Amino acid sequence: MINVLAAAEWGGEFEGVLDPINALFDFPDLIPLELFGLDLGINRTILIAWLMTALAATLFAVGLRAPQVVPGKLQAFLEMIVDFIRTIALEIIGPKGTRFVPLLTTFFVGIFVLNVAKITPFLMLPPTSRIAWPAFLALISWIVFIGVGIKEQGFGAYFGGILFPPGVPKALYIILTPIELLSNLVLRPFTLAIRLFANMVAGHILVVITLVSIHVFLPSLPVGWLVGTFALVAAPVVFGFELFIIGLQAYIFTMLTAVYISSSMEAHH
Amino acid sequence: MEGTLNVIGYGLATLGPGIGLGLLIAKAIESMARQPEAAGMVRTTMFIGVAVVEALALLAFVLAFAL
């Protein structure tokens with residue numbers, strides 16, 4: 001099954017598809033480029049990422065370049081997004097949260113448009129399903145929440161608060177400190193990246209299975225067309241479900257970043 | 001039959017978070033139904049809890065490919 005999917009994605013070529021899962025995500029370089037041992041080749045993922053980012057940037061630049069007191073349709077829509085993020089920031093971080101609205105809005109809109117490439121016709125590949133994107137976004141979030149902690153509480157107080165939470169018997173620190181270290185500084189950015197990555201990979205495979213099932217099974221006569229018809233009926237449902245997942249993941253990434261920032265702003269009690 | 005045991009391992013690893021998410025979201029819905037005015041706060045806290053519970057399944061997802 002997986003081999004059929006991979007082959008269909010590659011234009012029906014069974015030859016040379018060695019690793020079927022990777023074949024769904026890894027596309028050959030259009031312009032091979034290598035600088036200082038880094039692979040900077042331009043492939044389909046990068047092109048899609050550029051396109052979607054440019055789209056979002058243009059939308060915001062056009063909509064909010066000359067804001068009116070009575071907003072037009074586009075400006076009202078963009079203000080709705082920003083206001084939504086602002087509500088999250090104020091609710092979770094508190095009054096100081098307004099400082100982080102630009103960062104959180106960038107996260108939300110950026111992740112949303114990159115994810116939405118998954119169900120955009122002719123693109124059909126989310127750049128966030130390559131680990132580099134979510135990992136880099138999580139790295140930014142990690143640097144920000146540690147930076148905020150050091151800035152708000154001071155280096156010693158912040159790391160002291162994380163590693164040696166007060167109000168605990170001294171002997172327990174032997175167990176507690178490694179767990180706190182792992183969960184605060186390693187698992188937080190790690191799960192942030194993996195959550196987005198895993199959802200996009202799973203979603204892309206689901207979309208590919210549905211669409212390729214239509215493509216492969218619908219014309220096959222004795223019984224195959226039943227499967228094809230089922231997939232055809234299921235396709236809109238799958239797309240709707242994926243749209244829900246796309247929005248949810250963008251929201252969760254933004255919200256968790258806000259939660260982590262808020263937790264490093266106030267000292268542990 | 002071919003394949004790897006990793007897939008079975010991933011399947012097993014989803015059981016715990018699956019039960020956990022069920023309990024967590026059921027309780028969240030319950031409290032939202034009891035106190036609709038606290039729905040916003042409950043929802044936020046629920047997503048934070050979901051994120052923590054999900055971590056185990058996410059680790060399994062990575063390890064299923066990595067090991």
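Can you tell me how many residues within the range A:234-269 are more than 14 Å from every other protein chain (Cβ to nearest Cβ) and either open to solvent by less than 10 Å² (accessible area, probe 1.4 Å) or assigned to a helix (DSSP H, G or I) (or both)? Give the derivation first.
First, pick out the residues of the range A:234-269 that are more than 14 Å from every other protein chain (Cβ to nearest Cβ): A:234-244, A:246, A:264-269.
Cutting the leftovers down to either open to solvent by less than 10 Å² (accessible area, probe 1.4 Å) or assigned to a helix (DSSP H, G or I) (or both) gives us A:234-244, A:246, A:264-265.
The total comes to 14.
Restricting attention to the range A:125-132, does a residue exist that is within 14 Å of chain B (Cβ to nearest Cβ), more than 23 Å from A:Gly41 (Cβ to Cβ), in contact (Cβ under 8 Å) with a residue 24 or more places away in the chain and open to solvent by less than 30 Å² (accessible area, probe 1.4 Å)? Don't jump to the end; show me each part of the working.
First, the residues of the range A:125-132 that are within 14 Å of chain B (Cβ to nearest Cβ): A:129-131.
Remaining after also requiring more than 23 Å from A:Gly41 (Cβ to Cβ): none.
No, the range A:125-132 contains no residue that is within 14 Å of chain B (Cβ to nearest Cβ), more than 23 Å from A:Gly41 (Cβ to Cβ), in contact (Cβ under 8 Å) with a residue 24 or more places away in the chain and open to solvent by less than 30 Å² (accessible area, probe 1.4 Å).
In the set A:His204, A:His215, which member is open to solvent by 60 Å² or more (accessible area, probe 1.4 Å), within 30 Å of A:Thr45 (Cα to Cα) and not hydrophobic (A, V, I, L, M, F, W, C)? Quick ask: steps written out before the conclusion?
Details: A:His204 fails: open to solvent by 60 Å² or more (accessible area, probe 1.4 Å).
Result: A:His215 is the single residue among A:His204, A:His215 that is open to solvent by 60 Å² or more (accessible area, probe 1.4 Å), within 30 Å of A:Thr45 (Cα to Cα) and not hydrophobic (A, V, I, L, M, F, W, C).
Does any residue in the range A:190-203 that is closer than 19 Å to A:Tyr260 by Cα come within less than 9 Å, Cβ to Cβ, of a residue that is modelled with pLDDT of 90 or more and of a type in the set (Phe, Trp, Tyr) six or more places away or on a different chain, and which pairs are these?
The qualifying pairs are A:Leu192/A:Trp142; A:Leu192/A:Phe253; A:Leu192/A:Tyr260; A:Ala193/A:Trp133; A:Ala193/A:Phe136; A:Arg195/A:Phe253; A:Leu196/A:Trp133; A:Leu196/A:Phe253.
Of everything in the range A:171-201, what is under 13 Å from the mean Cα position of the chain (by Cα) and either more than 15 Å from B:Ala57 (Cβ to Cβ) or buried (at least 20 other Cβ atoms within 10 Å of the Cβ) (or both)? Give them in sequence order.
Those that are under 13 Å from the mean Cα position of the chain (by Cα) and either more than 15 Å from B:Ala57 (Cβ to Cβ) or buried (at least 20 other Cβ atoms within 10 Å of the Cβ) (or both): A:Pro189, A:Thr191, A:Leu192, A:Ala193, A:Ile194, A:Arg195, A:Leu196, A:Phe197, A:Ala198, A:Asn199, A:Met200, A:Val201.
If you scan the range A:65-89, which residues turn out to be open to solvent by 70 Å² or more (accessible area, probe 1.4 Å) and touching a helix residue (DSSP H, G or I) at 6+ places or on another chain (Cβ under 7 Å)? Spell out how you get there, then give the answer.
Filtering the range A:65-89 for residues open to solvent by 70 Å² or more (accessible area, probe 1.4 Å) gives A:65, A:67-70, A:73, A:77, A:79-80, A:83-84, A:86.
Residues satisfying the conditions are A:Pro67, A:Gln68, A:Arg86.
Do you know which residues across the range A:107-135 are among the polar types (S, T, N, Q) and closer than 13 Å to A:Met52 by Cα?
Initial filter on the range A:107-135 (among the polar types (S, T, N, Q)): A:115, A:120, A:128-129.
Across the range A:107-135, the qualifying residues are A:Asn115, A:Thr120, A:Thr128.
Could you tell me whether any residue of the range A:91-102 is at pLDDT 80 or above, of a type in the set (Gly, Ala, Ser) and closer than 30 Å to A:Glu152 by Cα? Break it down stepwise before answering.
First pass over the range A:91-102, keeping only residues at pLDDT 80 or above: A:91-102.
Pick out the ones that are also of a type in the set (Gly, Ala, Ser) and you get A:94, A:97.
From what is left, the residues that are closer than 30 Å to A:Glu152 by Cα are A:94, A:97.
The answer is yes, given that some residue of the range A:91-102 is at pLDDT 80 or above, of a type in the set (Gly, Ala, Ser) and closer than 30 Å to A:Glu152 by Cα.
Taking the criterion of being away from chain A (no Cβ under 14 Å) and outside any helix (DSSP H, G or I), would at least one residue in the range B:23-30 satisfy it?
No: the range B:23-30 contains no residue that is away from chain A (no Cβ under 14 Å) and outside any helix (DSSP H, G or I).
Do we find a residue being more than 14 Å from every other protein chain (Cβ to nearest Cβ) and either among the basic types (Lys, Arg) or over 22 Å from A:Ile252 (Cα atoms) (or both) anywhere in the range B:39-58? Lay out the reasoning, then the answer.
Initially, the range B:39-58 is screened for residues more than 14 Å from every other protein chain (Cβ to nearest Cβ), giving none.
No; the residues of the range B:39-58 include none that is more than 14 Å from every other protein chain (Cβ to nearest Cβ) and either among the basic types (Lys, Arg) or over 22 Å from A:Ile252 (Cα atoms) (or both).
What residue, of B:Ala28, B:Ala57, B:Ala51, is touching a residue at least 12 places away in the same chain (Cβ under 8 Å) and under 23 Å from A:Glu180 (Cβ atoms)? Break it down stepwise before answering.
Details: B:Ala28 fails: under 23 Å from A:Glu180 (Cβ atoms); B:Ala51 fails: touching a residue at least 12 places away in the same chain (Cβ under 8 Å).
Of the residues listed, the single one that is touching a residue at least 12 places away in the same chain (Cβ under 8 Å) and under 23 Å from A:Glu180 (Cβ atoms) is B:Ala57.
I'd like to check something: does the range A:144-151 contain any residue that is at pLDDT 90 or above and under 30 Å from A:Leu55 (Cα atoms)?
Looking only at the range A:144-151, we keep the residues that are at pLDDT 90 or above, and these are A:144-151.
Keeping just the survivors that are under 30 Å from A:Leu55 (Cα atoms) gives A:144-145.
Yes: the range A:144-151 contains one or more residues that are at pLDDT 90 or above and under 30 Å from A:Leu55 (Cα atoms).
Considering only the range B:28-67, how many residues are open to solvent by 40 Å² or more (accessible area, probe 1.4 Å), more than 30 Å from B:Ile8 (Cβ to Cβ) and either among the small types (Gly, Ala, Ser) or modelled with pLDDT of 90 or more (or both)?
Residues flagged as open to solvent by 40 Å² or more (accessible area, probe 1.4 Å), more than 30 Å from B:Ile8 (Cβ to Cβ) and either among the small types (Gly, Ala, Ser) or modelled with pLDDT of 90 or more (or both) within the range B:28-67 amount to 9.
For residues that are among the aliphatic types (A, V, I, L, M), surrounded by fewer than 13 Cβ atoms within 10 Å (Cβ to Cβ) and assigned to a helix (DSSP H, G or I), scanning just the range B:1-22, find the one that is farthest from the chain's Cα centre (by Cα).
Filtering the range B:1-22 down to residues among the aliphatic types (A, V, I, L, M) leaves B:1, B:5, B:7-8, B:12-13, B:15, B:19, B:21.
Checking which are surrounded by fewer than 13 Cβ atoms within 10 Å (Cβ to Cβ) leaves us with B:1, B:5, B:7-8, B:12, B:15, B:19.
When the remaining residues are screened for being assigned to a helix (DSSP H, G or I), the result is B:5, B:7-8, B:12, B:15, B:19.
Numbers: B:Leu5: 22, B:Val7: 18, B:Ile8: 18, B:Leu12: 13, B:Leu15: 9, B:Ile19: 8 Å.
The selected residue is B:Leu5.
The values are calculated or read from the model by the stated rules, or taken from the named source; none is laboratory data. Note that the coordinates shown come from a computational prediction; the quantities given were computed from them, not determined experimentally. Because the Cβ atoms are built from the backbone with ideal geometry, glycine has one as well, and the counts that use them run over all protein chains shown. Quick note on the areas: whole protein, heavy atoms, side chains included, nothing else; ligands and nucleic acids left out. Shrake-Rupley method; radii C 1.70, N 1.55, O 1.52, S 1.80 Å.
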